[in-house]
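**Student:** Have a look at this one before I ask anything.
Every read-out reported here was derived from the displayed coordinates using simple, explicitly stated rules and does not represent laboratory data. Nothing here was measured: the structure is a model prediction, and the numbers come from that model. Every residue, glycine as well, gets a Cβ built from its backbone with ideal geometry; the counts of neighbours run over all protein chains shown.
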Amino acid sequence: MPLLDGKIGLVFGVANKRSIAWAIAQAWAAEGAKLAFTYQGERLKDNVTELVNTFGADTPILSCDVTKDDEIAGVFKTVGEKFGKLDLLLHSVAFAPKDALEGEFVNTSREAFRVAHDVSAYSLVALARAATPLMTGGGSIVAMSYYGAEKVVPHYNVMGVAKAALEASTRYLAYDLGPRKIRVNCISAGPVNTLAARGIAGFTEMLKHYEAKSPLKRNVLPEELGATGVFLVSPGAAAITGQTIYVDCGYQIMGV
Ligand code: 0WE
């Protein structure tokens, strides 16, 4: 029997076919999970609809700006009405204003710091809180992080600080929600060529650097993030919560 048979999942963060959220959603669906999706902004609606319709036309596709409490409430109300419960949640959402990822961290504006933390870190807390009443049979929440949370990655800047907040939030959520059998974990992915990575100066060099320096001498594949996403929400990970799992071809273990 598929690992996620009868499970209901809600996926935040699909922008297009290259999205990490899409790779994990496909892997969840392949294991039998029934999914609902959210998208951010009208300009992504058609993309997401086209992708998601490959699962059948009855898959909910809901608009959600994760900085809006009323929109979050609306999404979980719809999921509750349609499915009556929730088992899996994927948070694959991040944003910092572009200029904050270009200059020096010391010049981060109050507003860029606020926006980066609101979209990329607080949203996990808000989504976990809204998901909890629907996760009546326990549940599993997965969020995406990056090494810049732990060590300085030049130009990652305020996103690194926001990812540190996301990882710490994962631990505090895991503590709060553990008694309800809701697990919360992060996947810290090596760099992947997504829409969010495009336009980042030096991203191609970063991929080459990982290829040269990581123990496995290559970059992580989206389907490998999908496989870890399945593992983390599967019975095999039933005792894993509050963790950040590196799926980066071993890059994170290196000193030099
Ligand atoms: O988390 C990320 C990127 C998230 C991201 C990307 C953008 C680009 C467009 C957040 N906000 C924005 N804002 C925009 O206006 N990654 C892990 C990918 C990434 O981003 C970097 C990296 C890597 C790796 C930025 C600088 C240096 C390395």
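**Student:** So what is the relative contact order for the chain, in percent, with contacts set as C-alpha pairs under 8 Å and at least six apart?
**Tutor:** RCO, the chain: 20 percent.
**Student:** Positive end of the dipole of the chain, charges at C-beta (+1 Lys, Arg; -1 Asp, Glu), about the Cα centre: which of VAL153, PHE231, GLY190 has its Cα farthest in that direction?
**Tutor:** Final value for the positive-end residue is PHE231.
**Student:** Would you please give the residues with an amide H less than 5 Å from that of LEU35, counting only those at least 5 places away or on a separate chain, with H modeled from the backbone geometry?
**Tutor:** The list, which skips near neighbours in sequence, is GLY9.
**Student:** Pick out, in residue order, every one of the chymotrypsin sites (Phe, Trp or Tyr not before Pro) in the stretch 223-256 that is DSSP loop and has at most 13 other C-beta atoms within 10 Å; say none if there are none.
**Tutor:** In loop regions of the stretch 223-256 (DSSP not H, G, I, E or B), there are no sparsely surrounded chymotrypsin sites (Phe, Trp or Tyr not before Pro).
**Student:** Note down the magnitude of the dipole of the stretch 180-256 about its Cα centre, charges +1 on Lys and Arg C-beta and -1 on Asp and Glu C-beta and zero elsewhere, to the nearest 20 debye.
**Tutor:** Here the size comes out at about 220 debye.
**Student:** Find the Cα radius of gyration of the chain, compare it with 2.2 N^0.38 Å by division, and give the number to two decimals.
**Tutor:** That ratio works out to 0.96.
**Student:** Still on this structure, please answer the following. So what is the calculated 222 nm ellipticity per residue for the chain, using -39500 (n - 2.57) for each DSSP H run with n of 4 or more, over all residues, to the nearest 500 deg cm²/dmol?
**Tutor:** Calculated at 222 nm, the ellipticity per residue is -12000 deg cm²/dmol.
**Student:** Right, another one. Below 8 Å, C-alpha to C-alpha, sequence gap of six or more: please give me the relative contact order for the stretch 1-112 in percent.
**Tutor:** After rounding, I find 30 percent.
**Student:** Cα-based Rg of the stretch 179-256 per 2.2 N^0.38 Å, rounded to two decimals?
**Tutor:** The stretch 179-256 yields a ratio of 1.26.
**Student:** Same structure again: Using a 10 angstrom cutoff on alpha carbons, build the Gaussian network for the chain and name the most mobile of ALA227, ALA23, ALA162.
**Tutor:** Greatest mean-square fluctuation among the candidates belongs to ALA227.
**Student:** Once you charge only the Cβ atoms, +1 for Lys and Arg and -1 for Asp and Glu, what is the size of the charge dipole of the stretch 13-164 about its Cα centre, to the nearest 20 debye?
**Tutor:** Magnitude of the dipole: close to 220 debye.
**Student:** According to the square roots a ≥ b ≥ c of the eigenvalues of the Cα gyration tensor, what is the shape class of the stretch 1-149, taking rounded for a/c under 1.5, prolate for a/b larger than b/c otherwise, and oblate for the remainder?
**Tutor:** Prolate.
**Student:** Now for a separate question. Under 10 Å, Cα contacts only: if you run a Gaussian network model on the chain, which one of PRO60, PRO179, PRO97 comes out with the highest mean-square fluctuation?
**Tutor:** The residue with the greatest mean-square fluctuation here is PRO179.
**Student:** Shifting gears a bit: Lysines near LYS77 by alpha-carbon distance under 29 Å, same-chain residues fewer than 8 away left out - which ones?
**Tutor:** Straight-distance partners of LYS77: LYS7, LYS17, LYS34, LYS45, LYS68, LYS85, LYS163, LYS181.
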